[in-house]
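All remarks here apply to the structure that follows.
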Amino acid sequence: MKTKFDKNAFERIIQIMDELREQCPWDKQQTWESLRTLTIEEIYELSDAIVKKNYSEIRKELGDVFLHILFYSRIASEENQFDINDVIKTLTEKLIHRHPHIYGNVKADNEEEVKRNWEKIKQSERAGSSSKGVLSGVPNSLPSIIKAYRMQEKAAAVGFDWNNKNDVIEKVQEELQEFLDEVESNADREKIEEELGDLLFSLINLARFLNINPDNVLERNNKKFLNRFNYIEKKLAEKNKNFSEVNLEEMEKYWIEAKQIGY
């Protein structure tokens, strides 16, 4: 279903942003720096809503993120840098340029071909800018799992990748053994941490090779652990007990119960 653009709604939200910036004491004081951490928080709130598949919350959080886009654009217009129209125009041009299989004569029959073309185009764009390197577009502030995944994706897009999943699995097994060897030999902590980092990186690479997003998988597992642990707390509370009054065996019993009922 195509989206029907509501010009009046768009113009109204722009008007409200202008009015808030000019009249509200709080909005008038905001800067690039003061909004930055709030923007990060809004992105995480949107992420939580997506994980929960709470569509009413997704709609609300998307609105909050959009507000920040309007806010930054308004500040930029005050500094004679750009405005919301420039933001939209720049995005439009980029999407057309990076989708030549839609707006040009390049062929791309599947997702992998699209991603490879995307990275090639980005590389050609970097050639005329001050940015250097295939991985230069990965933000330093990304969470570590997402950063590793994105770096591996970008490297793979230019041909630096394994030939098949068996090679990746073998690498994971190799890194696991090296980690266990260091633990068993009571190596210094720095060496153990290094090997653990190699193991985690290889697991993320295997997930990517299998077209699985490890951050999404881990978040689902976090949710599952939270639900099952909350169930243990609930059962202990029903018996007027706390954790110091029970052993691991009893806690494990409730854990299994939680698992069996689908938590």
| message | Between Asn222 and His97, what is 0.36 nm times their sequence separation minus the Cα-Cα distance? Round to one decimal in nm. | response | 41.1 nm
| Loop-located GluC sites (Glu not before Pro) in the stretch 57-147, at most 10 other Cβ atoms within 10 Å (DSSP) | Glu79
| note | Rounded to 0.05, the calculated FRET efficiency for the beta carbons of Arg12 and Glu250 at R₀ = 41 Å is 0.10
| request: Taking the Cα centre of the chain as origin, work out the dipole magnitude from +1 charges on Lys and Arg Cβ and -1 charges on Asp and Glu Cβ, in debye rounded to 20. | output: 1240
| query | If you bin every alpha carbon distance in the stretch 216-260 into 10 Å steps from zero, what whole percent lands in each bin? | reply | 28, 50, 19, 3
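Report the net charge of residues surrounding Asp167, where surrounding means a beta-carbon distance below 11 angstrom and charges are Lys +1, Arg +1, Asp -1, Glu -1.
Details: positive: Lys165, Lys171; negative: Asp161, Glu170, Glu174.
Computed value for this residue: -1.
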| task | Treating the angle as unsigned and between 0 and 90°, give the value, to the nearest 10°, between the Cα long axis of helix 111-127 and the longest Cα principal axis of the chain. | result | 60
| remark: Taking Cα atoms only, helix 144-157 is inclined relative to the longest principal axis of the chain by an angle, in degrees rounded to 10, of 70
| request: For Lys253, go through the aspartates and glutamates and keep the ones whose alpha-carbon is under 14 Å away, minus same-chain ones fewer than eight residues off. | output: Glu233
| note | Contour minus Cα-Cα span, Lys115 to Leu38, at 0.36 nm per residue, comes to 24.6 nm
| Residue pairs, from the table Lys165/Lys224; Lys60/Lys223; Lys60/Lys234; Lys235/Lys259, whose Cα atoms sit over 24 Å apart | Lys165/Lys224; Lys60/Lys234
| Between the DSSP loop rule and a limit of at most 10 other Cβ atoms within 10 Å, which trypsin sites (Lys or Arg not before Pro) in the stretch 22-108 are left? | Lys53, Lys107
| note | The farthest towards the positive end of the charge dipole of the stretch 22-100, of the residues Leu70, Thr31, Ile88, given +1 on Cβ of Lys and Arg and -1 on Cβ of Asp and Glu, is Ile88
| request: State, as an integer percentage, the relative contact order of the chain based on alpha-carbon contacts under 8 Å between residues 6 or more apart. | output: 10
| said: Need one number: the % of Cα-Cα pairs in the stretch 1-63 sitting beyond the 14 Å mark. | reply: 71
| remark: Quick shape check on the stretch 136-191: root eigenvalues a ≥ b ≥ c of the Cα gyration tensor, a/c under 1.5 is rounded, otherwise prolate if a/b tops b/c, else oblate, and it reads oblate
| Which net charge results when you count Lys and Arg as +1 and Asp and Glu as -1 among the other residues whose beta-carbon is under 11 Å from that of Leu206? | 0
| task | Treating the angle as unsigned and between 0 and 90°, give the value, to the nearest 10°, between the Cα long axis of helix 32-52 and the longest Cα principal axis of the chain. | result | 60
| said: Under 26 Å between alpha carbons, and skipping anything fewer than 8 positions from Lys191 in its own chain: which lysines qualify? | reply: Lys147, Lys171
| Computed over the chain, Kirkwood Rh from alpha-carbon pairs, angstrom | 23.5
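We did not get these values from a lab; they are worked out from the coordinates using the rules stated. Owing to the predicted nature of the structure, the values given are computational and were not obtained by experimental measurement. Neighbour counts are summed over all protein chains in view; Cβ atoms, including those assigned to glycine, are modelled from backbone coordinates with ideal geometry.
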